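Below is one structure, written out as structure tokens; the observations come after it.
The values are calculated or read from the model by the stated rules, or taken from the named source; none is laboratory data. These figures come from a predicted structure and were not determined experimentally. Cβ: placed from backbone, ideal geometry, glycine included. Neighbour counts: every protein chain shown. Only protein heavy atoms, including side chains, enter the accessible area calculation; ligands, DNA and RNA are left aside. Shrake-Rupley method; radii C 1.70, N 1.55, O 1.52, S 1.80 Å.
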Amino acid sequence: LGDGQSSYFVQKYVKSKKPVLNRISVGNYNLKYNGVFFLNGELLKGVSLKRFKANFKRDIKKVCDQALDNRNLQKTKNQYMFGFYNAIKTNAGVASFLGTRENFFGDYSYYKKEIDIYKSIKLDELKKVCQEVFNDKSVFISLWNKHSK
């Protein structure tokens, strides 16, 4: 959704005919038993935060159907696998990679199952999870005092 210049959010909000953001990024922070999925961006000068927020909340309800297709799913799988293998280029990378799996899953060799899981993800499963992530329970935060009005 937000990784790379061709991603849905970059195309919609940064590179569109009427851009509203200087940049946007999407990420996640995973912990052992939970995590956070987040988007962050920077409004272009002159763009109303109130208007952007209203439009974004409307758009986010449609993102799972508009942005997710088999091509994007395969692109994401390819990017994930590239990152997966890129992480083990060095001895330190291998140690971190295996240590993370031992810590999170109790088995350093869990990566074998992890690869199978990622390869088996289907579009309908992805859309279902997307709907769960982009529900009405999300939080919108502005970090600038001038936006508090």
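Going by the structure shown, is I24 modelled with pLDDT under 90, out of contact with any His (no Cβ under 7 Å at 6 or more places or on another chain), over 25 Å from T100 (Cα atoms) and open to solvent by less than 60 Å² (accessible area, probe 1.4 Å)? Here the answer is no, as I24 does not meet what is asked. Touching a Lys or Arg at 6+ places or on another chain (Cβ under 9 Å), touching a residue at least 12 places away in the same chain (Cβ under 8 Å) and either surrounded by 11 or more Cβ atoms within 10 Å (Cβ to Cβ) or not β-branched (V, I, T) (or both), is that true of V47? In short, no.
Of the helices (runs of 4 or more DSSP H) lying entirely inside the range 52-133, those containing at least 3 residues that are free of Cβ contacts under 8 Å to residues at least 60 places away in the same chain and open to solvent by 60 Å² or more (accessible area, probe 1.4 Å) are 70-86, 91-105, 111-120, 123-133.
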